[in-house]
Amino acid sequence: MRVSSGVPGFDDLVEGGLLKDRLYVVSGPPGSGKTTFCSQFITQGVKEGKECLYVTMHETKEELSEDMSGFEFGFDRAMQSDQLQFLNLVTEAGKRTITQFGTDGGLTNRLVAFIESNGIDHCVIDSTMLLQHFFSDMSDEITGFLSALKQTEATILLISEMTDPTSYSDEHYLAHGVIFFHNFLDSGGMTRGVQVIKMRGTAIDSDIRELSFSDQGLRVHTDRKVQG
Ligand SMILES: Nc1ncnc2c1ncn2[C@@H]1O[C@H](COP(=O)(O)OP(=O)(O)OP(=O)(O)O)[C@@H](O)[C@H]1O
Ligand SMILES: [Mg+2]
């Protein structure tokens, strides 16, 4: 079964949508659209009546709402919905919420327990960068984190910052799918692109396709190929 990304044009690159209950890594340089893409995905989930969870490690709920307030894809309404839970793991309140789930195993077990006991269908984790606050050995624990999340019955987007598109990391190999955002600086301007690097079980369009912002958020121009 496929799940809509909520980003106009994107689903056409992946045979109509993301495969349900799988884990996708979303990577790209600063300001390339990762958070906006994931916010559109969560909003789409809420609109479809799904139970949704947005886990953040560097933005408060207010900051995220503010960042998305220029767009009209309905994020504010989604944020006010009972179907969307927001977990900020940096605040005391967020930490208290997550420590109520599971008794051992740290963040990985607790997040999985939270997802399972709340029946979460769609989940965004923004981002891997601050996982280092929870893990003592990042390269060891990120493997367990991804493996455990892959086994939940939730469709998960995990944002992983990366500035060098040629240097892959463990999460790219472990994920069911990898989506890259690109910023191409040209004479005085910037062209945005999105590229599906892999998606198991799906015949993908792996070319870089042009991405643009409008008042409706991001959209993918499936007919416009961007040269890297
Ligand atoms: N309507 C718009 N037109 C052009 N650019 C926009 C528009 N709205 C937002 N932006 C730019 O898009 C970027 C925000 O994208 P977003 O927050 O989704 O990126 P990100 O990949 O999550 O970045 P980071 O790695 O910093 O978290 C900002 O640089 C913002 O200035
Ligand atoms: Mg972001």
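Bear in mind that the values in this text are calculations on the coordinates, not laboratory data. On a predicted model such as this, the values are computed, not experimentally measured, just so you know. Cβ coordinates were reconstructed from backbone atoms using ideal geometry, including for glycine residues, and neighbour counts include every protein chain displayed.
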Filtering the chain for DSSP H helices with an axial alpha carbon extent of at least 15 Å and a Kyte-Doolittle mean of at least 0.0 returns 106-117, 138-150
Share of Cα-Cα pairs in segment 45-151 beyond 23 Å, whole percent, is 27
Within segment 1-52, GluC sites (Glu not before Pro) in DSSP loop having at most 14 other beta-carbon neighbours inside 10 Å: Glu48
Roughly how many Å is it from the Cα centre of segment 9-51 to that of segment 172-187, as a whole number? 13
Counting helices only, and only those DSSP H runs with n ≥ 4, report the 222 nm mean residue ellipticity of the chain as the sum of -39,500 (n - 2.57) divided by its residues, in deg cm²/dmol to the nearest 500. -8500 deg cm²/dmol
Sort Ser117, Ser65, Ser187 so that the residue with the fewest other Cβ atoms within 10 Å of its own Cβ comes first and the one with the most comes last. Ser187, Ser117, Ser65
Name all residues of segment 119-142 having a backbone nitrogen under 12 Å from the label point set 7 Å from the Cα of Glu153 along its Cα→Cβ direction, giving them as ranges. 119-121
With the charge dipole of segment 43-135 built from beta-carbon charges (+1 for Lys and Arg, -1 for Asp and Glu) about the Cα centre, the Cα from Met57, Met68, Leu107 projecting farthest to the positive end belongs to Leu107
Formal net charge of residues neighbouring Thr35 (Cβ-Cβ distance under 9 Å; K, R +1; D, E -1): -2
So if R0 is 41 Å, what FRET efficiency would Arg2 and Arg77 give, r being the distance between their Cβ atoms, rounded to the nearest 0.05? 0.95
Give the Cα extents of segment 2-225 along the principal axes, in whole Å, largest first. 52, 37, 34
With a cap of 13 neighbouring Cβ atoms within 10 Å, and only residues DSSP puts in a loop, list the GluC sites (Glu not before Pro) found in segment 140-228. Glu153
Counting Lys and Arg as +1 and Asp and Glu as -1, each charge on the Cβ, what is the dipole of segment 2-225 about the Cα centre in debye, to the nearest 20? 360
Segment 33-105: C-alpha gyration tensor shape, a/c 1.5 cut-off, then a/b vs b/c: prolate
Quick check: the distance between the Cα centres of segment 64-85 and segment 198-228, to the nearest angstrom? 23
At a 10 Å Cβ-Cβ cut-off, how would you order Ile204, Ile125, fewest neighbours first? Ile204, Ile125
